[in-house]
Amino acid sequence: LRRNPGETEFHQAVHEVLETLGPVLVKYPEFAEHKIIQRICEPERQIIFRVPWQDDRGNTHINRAFRVEFNSALGPYKGGMRFHPSVYLGIIKFLGFEQIFKNGLTGLPIGGGKGGSDFDPKGRSDAEIMRFCQSMMTELYRHIGEYTDVPAGDIGVGQREIGYLFGQYKRITNRYESGVFTGKGLDWGGSRARREATGYGAVFFTQEMLQVRGDSLEGKTCVVSGSGNVAIYAIDKIHALGGKVIACSDSNGVIVDKNGLDLDLIKQIKEVERRRISAYAEERRDATYLADGSIWTVPCEVALPCATQNELNGKDAATLVSQGCIAVAEGANMPTTPEGVKVFQEAGIAFGPGKAANAGGVATSALEMQQNASRDSWTFEYTEERLREIMMNIHRDCHQTAEEFGAPGNYVVGANTAGFLRVANAMVALGLV
Ligand code: NDP
């Protein structure tokens with residue numbers, strides 16, 4: 001705590017991992033001998049820099065940007081960039097720390113990193129977004145590269161922003177280095193199914209958790225928080241697998257549509273028109289908009305938090321359980337508070353932590369890197385099938401590891417332990433670096 005003062009979310013993420021690792025450290029004393037815990041909690045490198053830019057009226061703004069290169073034992077640093085006014089070092093470090101274990105779980109050769117800025121893209125014009133991205137890349141380009149650090153999107157950073165960032169990287173370096181970024185557009189080195197991957201992956205993971213219990217998503221009533229990239233494609237796959245999503249949200253309010261959400265309308269509002277989710281209720285008379293409402297009060301059998309950290313607390317968890325929720329999978333990173341996780345675990349419902357449940361995004365980013373390296377482009381079906389296999393493997397690893405370490409059915413223990421083992425073994429092998 002003294003070493004990283006005020007970094008609340010980072011403390012939370014570290015605490016959540018360390019409290020589950022006792023049995024691993026007992027079984028493998030060499031990890032203590034090599035000081036793996038102390039080393040894994042300290043980023044290999046962190047970069048903090050100024051991003052000056054001008055708005056459309058000619059006013060100058062100064063934002064702060066971060067890239068935390070946390071751990072490269074398994075491969076180049078890999079993790080998204082977040083643009084949100086709440087961003088500070090503590091958020092980027094929590095995300096980077098989680099990313100190490102998540103990337104380890106995918107079984108693919110990627111290390112952990114994360115970045116972002118306190119820039120608020122809401123209400124900004126296309127030209128302003130472009131100027132901000134170009135200014136950011138004017139510093140960031142010297143720290144990243146196909147074999148060094150490969151950023152992607154996150155909250156507030158989608159294909160448009162990645163295009164502007166990648167364009168400026170290409171211009172400064174004079175290299176068409178496709179593998180330096182993932183989440184690119186299909187015409188300029190992107191992978192099919194990357195946009196869908198995090199949401200689809202979270203639903204595949206949910207389906208696996210239900211299957212272990214002899215159940216499935218077929219006919220289930222679901223709620224999905226958020227209405228961004230992860231939420232939209234989680235809704236898409238739940239509907240494809242026979243479930244019905246009746247509510248989603250944004251930071252202003254909640255939409256409830258008992259008939260099942262109309263995904264085409266949501267995509268039109270969010271992806272094309274870039275409007276608030278309240279617009280849904282203006283188009284669908286049957287739907288209700290709850291301004292400032294909590295999505296977790298909507299009764300459901302399956303809940304997927306897909307918006308942001310700490311969006312689901314102990315009280316929300318208790319409400320979900322009391323209203324019949326049987327499964328929760330985290331599409332977002334650390335959306336459930338520690339009190340919320342405890343409620344789910346004590347109630348014995350299936351709970352899939354973000355490290356495992358939302359790993360499909362970064363896994364498909366690694367598949368994008370594979371396609372870039374071989375100058376190839378796979379079909380949607382093939383890429384989705386690879387994603388599905390990866391999610392099934394992650395689920396199996398988490399499930400088996402939890403059993404092996406005396407916590408059957410506890411995916412938090414399974415994910416932390418399996419991810420840690422992969423990274424820690426590589427760190428020992430690579431020596432004191
Ligand atoms: P988007 O920016 O596309 O969407 C974010 C959604 O969450 C929006 O609906 C947004 O509403 C809502 N939201 C964001 N911040 C808050 C807040 N403070 N309070 C309430 N709602 C909020 O981001 P993504 O869908 O890409 O990311 C969502 C989550 O998934 C994040 O936790 C991210 O780290 C995680 N994730 C994303 C991956 C990816 O591939 N994109 C991969 C793995 C994890 P509003 O518009 O009102 O801000």
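The values are calculated or read from the model by the stated rules, or taken from the named source; none is laboratory data. A quick note: this is a predicted structure, and the numbers were derived from the prediction, not measured. Please note: Cβ atoms are built from the backbone with ideal geometry, for glycine as well, and neighbour counts cover all protein chains shown.
Summary table below
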| read-out | value |
| --- | --- |
| Gly414 vs. criteria within 19 Å of the chain's Cα centre (by Cα) and of a type outside the set (D, E, K, R) | yes |
| Given (1) within 14 Å of the ligand (Cβ to nearest atom); (2) surrounded by 24 or more Cβ atoms within 10 Å (Cβ to Cβ), index of the condition Gln159 fails | (2) |
| Residue within the stretch 214-221 that is assigned by TED's automatic domain parsing to the domain that holds Glu339, in contact with a strand residue (DSSP E or B) (Cβ under 8 Å, 6 or more places away or on another chain), of a type in the set (Lys, Arg) and at pLDDT 95 or above present | yes |
| Filter result for Phe166 (in contact with a Lys or Arg (Cβ under 7 Å, 6 or more places away or on another chain), more than 19 Å from Asn333 (Cα to Cα) and assigned to a helix (DSSP H, G or I)) | yes |
| Pairs where the first residue, in the stretch 321-337, is within 20 Å of Gln207 (Cα to Cα) and the second is among the acidic types (Asp, Glu) and near the ligand (Cβ under 8 Å from one of its atoms), C-beta under 6 Å, 6+ apart | Pro335/Glu311 |
| Residue list for the stretch 359-374, filter: in contact with a Gly (Cβ under 7 Å, 6 or more places away or on another chain) and more than 14 Å from the ligand (Cβ to nearest atom) | Met369, Asn372, Ala373 |
| Residue among Ala231, Ala240, Ala279, Ala247 that alone is within 15 Å of the ligand (Cβ to nearest atom), among the small types (Gly, Ala, Ser) and without any contact (Cβ under 8 Å) to a residue 40 or more places away in the chain | Ala279 |
| Residues within the stretch 283-315 that are crowded, with 22+ Cβ neighbours inside 10 Å and acidic (Asp, Glu), tallied | 1 |
| Number of the condition not met by Arg276 [criteria: (1) more than 27 Å from Phe205 (Cβ to Cβ); (2) outside any loop (DSSP other than H, G, I, E, B)] | (2) |
| Hey, Gly201 within 19 Å of the chain's Cα centre (by Cα), closer than 16 Å to Gly80 by Cβ and part of a helix (DSSP H, G or I) or not | yes |
| Which listed residue is out of contact with any Cys (no Cβ under 9 Å at 6 or more places or on another chain), among the aliphatic types (A, V, I, L, M) and away from the ligand (no atom under 16 Å from the Cβ), from Val343, Val302 | Val343 |
| Hits in the stretch 147-175 (condition: farther than 27 Å from Ile232 by Cβ and within 21 Å of the chain's Cα centre (by Cα)) | Thr148, Asp149 |
